[in-house]
Amino acid sequence: MPSKTTNLPHFVAPVEETPLVAIDSVKVDEKPSNLWIDAWRDMRKRPMFWISAVLIVLVVLVAIFPSLFTAAAPNNNCYLQNSNGGPTAGHPLGFTKQGCDVFARIVYGTSTSLSVGILVTILVAVLGIVFGAFAGFYGGWIDSVLSRLGDIFFSIPYILAAVVIMSVLSQYRNVIVLALAIGIFAWPSTARVLRAEILRVKNSDFVMASTALGVSRFRILVRHVLPNSIAPVIVVTTISLAAAIVAEASLSFLGVGLPSSVMSWGNDISQAQTDLRTNPMTLIYPSIALSITVLSFIMMGEVIRDALDPKARAQR
Amino acid sequence: MAGYIVRRILQAVPVFLGTTFLIYFMVFAMPGDPIIALFGDKTPNPAVVAQLRERYHLDQPFIVQYFIFLGGIFRGDLGVSFSGQPVAEILAKTFPVTLRLAALAIFFEMVAGITVGLISGLRKGKLFDSSALLVSLVLISLPIFVIAFVFQLVFGVQLGWFRTTVGFGAPIQDLIMPALVLATISFAQISRLTRSSVIDTSGQDFVRTAASKGLSRRRIVPVHILRNSLIPVVTYLAVDFGTLMVGATITEGIFNVPGVGRTLYQAIIRGEGPTVVSFVTVMVLIYLVVNILVDLFYAVLDPRIRYAK
C-alpha cells in the first residue's frame with residue numbers, strides 16, 4: 001500500500017510549506033501578560049482615567065500643601081466688615097456672612113475631607129478583607145457566623161448608624177472618631193464582594209495544586225487566593241473613599257459631624273444654608289469642591305472596574 | 001417555595017436580634033448620660049432624674065433594659081419620647097407622609113431610570129448612551145443635600161415653580177420637589193443597572209430566536225428584552241430602601257416635610273436617645289421586612305434562587 005500512496009498527488013501541503021513554527025512560536029523574552037498589565041494598558045487609553053487622575057493628584061496636593069494655593073492663614077481670619085462681600089483681589093470666591101474667605105476655607109477644608117475619606121477606606125478595607133476572606137475561604141460555620149454578623153451591620157444604613165454614634169459621642173467629635181463611626185458600619189459590602197470572589201477562586205486548579213504540595217491552608221489563602229481575588233475589592237474601595245467623603249459632609253451638615261470650629265466642606269455648606277437666598281454662592285462653591293472630589297474618585301473606580309472586568313469592557 | 005420562605009425568615013431572626021441589640025448598645029452603653037444631657041447646661045433636680053431613670057428603666061442593668069425594650073416591641077409598645085408622646089403615636093402620624101414621599105420618589109426614579117437605561121442599552125456607545133453615563137456619574141457624586149439646595153435655589157427661589165418648604169398637611173404638589181431630589185441618586189443607579197441588564201439580555205439566544213421568527217422590534221424590545229432585564233432592577237429596590245431612608249432624613253430636614261425622617265433628625269439634634277432608638281429600630285425592621293419580601297419576589301421571578309444551596 002505505501003508504494004501506491006506515494007504515487008498519488010499531494011493533497012496536503014508539505015510541512016516545509018506551512019509555517020507552523022511561526023504560528024506556534026512563543027515570545028520567550030517577553031514579560032508574560034497578566035490581569036494588572038492588561039488593566040493598565042486598557043486604562044491609560046481612556047481620557048476618563050487621566051482626567052480623574054489629574055483631579056485626584058490636585059486634591060491631594062491641596063490637602064497636603066494648602067499654603068501653596070492660598071495666602072490666607074490657616075486659622076482664617078474672618079473680618080465682619082467683609083460680610084457677604086463679593087470677589088476681590090486675592091479672594092476669588094468672595095466672603096461668607098461671617099466675613100470668611102470662601103476660597104481659603106475650601107482649600108483648608110480639603111485635608112479634613114480627604115483624611116476622613118482615607119481613614120474610613122483603610123478601616124473598611126481591613127475589616128472587609130479579614131471578614132470576607134475568612135468567611136469565603138473557610139466556609140462552614142465560620143462563614144455562617146461572619147456572614148450573619150455582616151448582615152447585622154449591613155441592615156443598618158451606615159449614615160444612620162454614624163448619626164447615632166456621633167450624637168452619643170458628642171463630646172468626642174474629631175476626625176478619628178468620625179472615621180470610626182462611618183467605617184464600622186460600612187465594611188460589610190466590601191466583605192460580601194470579596195467573599196463572593198473567593199468562593200469563585202478557591203476551586204481553581206492552582207489552589208488544588210498548592211494543597212497537593214502540602215501548603216498550609218492559611219498560607220494558600222494569603223499567598224494564592226487573596227492576590228487573585230483582590231481586584232473587585234480595589235474597585236469597591238475606591239468608590240467607598242468617595243462615599244466616605246460624602247458621609248463626612250452629610251454628618252457635618254446634619255450637625256453631628258465635626259465641630260463647627262473645624263474647617264470642612266460639610267461645615268461650610270451647613271453654615272451657608274441659612275443664607276441660601278441672600279448669598280447662595282457661599283453654599284455653591286464648597287458644594288462644587290466636594291462634588292468634583294467625589295466625582296474624581298468615582299470616575300477612577302469606574303475606570304478601574306472596566307479595566308479589571310473583561311465583561312464590562314465588552315459592554316462598552 | 002414554602003421551605004425557602006421558612007429558611008429566609010429564620011435567617012432574619014438573628015439579624016433582627018443582633019441589629020436591635022447593636023442600636024440599643026450604641027445609645028445606652030456608650031459614655032454620656034442621656035438623662036443628664038436632656039437638661040443641657042442646667043443642674044437637674046435629682047428627684048426628676050431618678051423618676052426619668054425609672055421610667056426609661058435606666059436604673060436596671062443594661063441587658064435587662066434591652067429585654068424590656070425588646071418585649072415592648074413585640075407588644076407594639078415603642079416607648080415614650082422625652083416630650084411625653086408615645087413613639088408609636090408619633091410614628092402613626094409621620095409615617096404616611098414619608099410613605100407618600102418615598103412612593104413618589106420610587107415612581108420618579110423607576111420611570112426615568114428604566115426609560116433612560118433601556119434607551120442607553122439599546123443604543124450602546126451612541127451619543128445618548130455616553131451622555132446618560134456622564135449625567136449618572138455626576139448625579140452619583142452629588143451629595144443629596146447639595147441637590148436639595150440647588151433645587152430649592154433654582155426651582156424654588158429663582159423660578160418660583162415650587163414652594164421651598166412643604167406646607168401644612170404635606171399636600172402632594174409640595175412633595176414633588178423633595179421626591180425629585182430623593183429620586184436623583186437612585187435614578188443614576190437604576191438607569192445603569194437597566195442598561196447593563198438590557199445589553200446582557202439583548203445578546204441572549206432567545207432574543208435572536210424571536211428576531212429570526214420574524215417578530216417586530218416593537219414586540220421584542222418590551223416583551224423579550226425589557227421584561228427579562230427588570231429582574232435585577234427589582235432586587236435593587238431592596239438596597240434602594242436603605243438609601244431612601246437616609247435620604248429622607250436629610251431631605252425632609254431641608255424641605256421641612258413632617259415625616260419620619262425629620263422627626264428622627266430633630267430627635268438626634270435634641271439627643272433624645274429613646275426616640276432615636278425606636279425610630280431607627282422601626283426603620284431597620286421595615287428594611288428587613290422589605291428585604292425578605294424582595295428576596296421572595298426574586299425567588300418567584302427566578303426559580304434558580306429557590307433551589308440554590
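List of remarks:
- Those residues of the stretch B:224-265 which are modelled with pLDDT under 80, open to solvent by 10 Å² or more (accessible area, probe 1.4 Å) and within 12 Å of chain A (Cβ to nearest Cβ), in sequence order: B:239, B:241, B:243, B:245, B:246, B:265
- Check on residue B:201, assigned by TED's automatic domain parsing to the domain that holds residue B:246 and out of contact with any Leu (no Cβ under 9 Å at 6 or more places or on another chain): no
- Flag if residue A:252 is free of Cβ contacts under 8 Å to residues at least 60 places away in the same chain and within 12 Å of another protein chain (Cβ to nearest Cβ): yes
- Look at (1) in contact with a Lys or Arg (Cβ under 6 Å, 6 or more places away or on another chain); (2) assigned to a helix (DSSP H, G or I) and you find that residue A:233 fails only one, number (1).
- Residue selection: residue A:274 fails the criterion of being part of a helix (DSSP H, G or I) and crowded, with 24+ Cβ neighbours inside 10 Å.
- Of the criteria (1) more than 14 Å from chain B (Cβ to nearest Cβ); (2) farther than 30 Å from residue A:205 by Cβ; (3) assigned to a helix (DSSP H, G or I), which one residue A:258 fails: (3)
- Residue match in the stretch A:115-133 (condition: within 14 Å of chain B (Cβ to nearest Cβ) and either open to solvent by less than 50 Å² (accessible area, probe 1.4 Å) or modelled with pLDDT of 80 or more (or both)): yes
- Filter pass, residue A:144 being within 14 Å of chain B (Cβ to nearest Cβ), touching a helix residue (DSSP H, G or I) at 6+ places or on another chain (Cβ under 6 Å) and at pLDDT below 90: no
- Summed over the stretch B:101-132, residues that are out of contact with any Asp or Glu (no Cβ under 7 Å at 6 or more places or on another chain), crowded, with 16+ Cβ neighbours inside 10 Å and either among the aromatic types (Phe, Trp, Tyr) or assigned to a helix (DSSP H, G or I) (or both) total 19.
- Only a single item in (1) assigned to a helix (DSSP H, G or I); (2) closer than 22 Å to residue A:243 by Cβ; (3) open to solvent by less than 50 Å² (accessible area, probe 1.4 Å); (4) at pLDDT below 90 is not met by residue A:149, and it is number (3).
- Evaluation of residue A:51 against (1) aliphatic (A, V, I, L, M); (2) modelled with pLDDT of 65 or more; (3) open to solvent by less than 70 Å² (accessible area, probe 1.4 Å) (one fails), failing number: (3)
- Among the residues of the stretch A:152-178, the ones that are open to solvent by 10 Å² or more (accessible area, probe 1.4 Å), part of a helix (DSSP H, G or I) and facing chain B (nearest Cβ under 10 Å) come to 11 in all.
- In this structure, residue B:98 does not qualify as crowded, with 16+ Cβ neighbours inside 10 Å, of a type in the set (Ser, Thr, Tyr) and at pLDDT below 80.
- When residues of the stretch A:179-205 are limited to those that are within 14 Å of chain B (Cβ to nearest Cβ) and more than 18 Å from the chain's Cα centre (by Cα), the one nearest to residue A:115 (Cα to Cα): A:181
- Filter pass, residue A:287 being within 8 Å of chain B (Cβ to nearest Cβ), without any contact (Cβ under 8 Å) to a residue 12 or more places away in the chain and in a helix (DSSP H, G or I): no
- A residue that is surrounded by fewer than 24 Cβ atoms within 10 Å (Cβ to Cβ) and of a type in the set (Phe, Trp, Tyr) occurs nowhere in the stretch A:263-271.
- Residue match in the stretch B:202-215 (condition: surrounded by fewer than 22 Cβ atoms within 10 Å (Cβ to Cβ) and in contact (Cβ under 8 Å) with a residue 24 or more places away in the chain): yes
- Verdict on residue A:225 being surrounded by 15 or more Cβ atoms within 10 Å (Cβ to Cβ) and in contact with a Leu (Cβ under 8 Å, 6 or more places away or on another chain): no
- Residue in the stretch A:293-312 that is surrounded by fewer than 22 Cβ atoms within 10 Å (Cβ to Cβ), more than 18 Å from the chain's Cα centre (by Cα) and not in a helix (DSSP H, G or I) present: no
- Residue B:199 being modelled with pLDDT of 85 or more and at the interface with another protein chain (Cβ under 10 Å from one of its Cβ atoms): yes
- Residues satisfying the stated conditions in the stretch B:10-27, i.e. at the interface with another protein chain (Cβ under 7 Å from one of its Cβ atoms) and under 14 Å from residue A:147 (Cα atoms): B:14, B:15, B:18, B:19
- Residue in the stretch B:42-51 that is at pLDDT below 75 and surrounded by 19 or more Cβ atoms within 10 Å (Cβ to Cβ) present: no
The values are calculated or read from the model by the stated rules, or taken from the named source; none is laboratory data. Note that the coordinates shown come from a computational prediction; the quantities given were computed from them, not determined experimentally. Backbone-built Cβ (ideal geometry, glycine too); neighbour counts: all protein chains shown. Heavy atoms of the whole protein, side chains included, go into the accessibility calculation; ligands, DNA and RNA do not. Shrake-Rupley method; radii C 1.70, N 1.55, O 1.52, S 1.80 Å.
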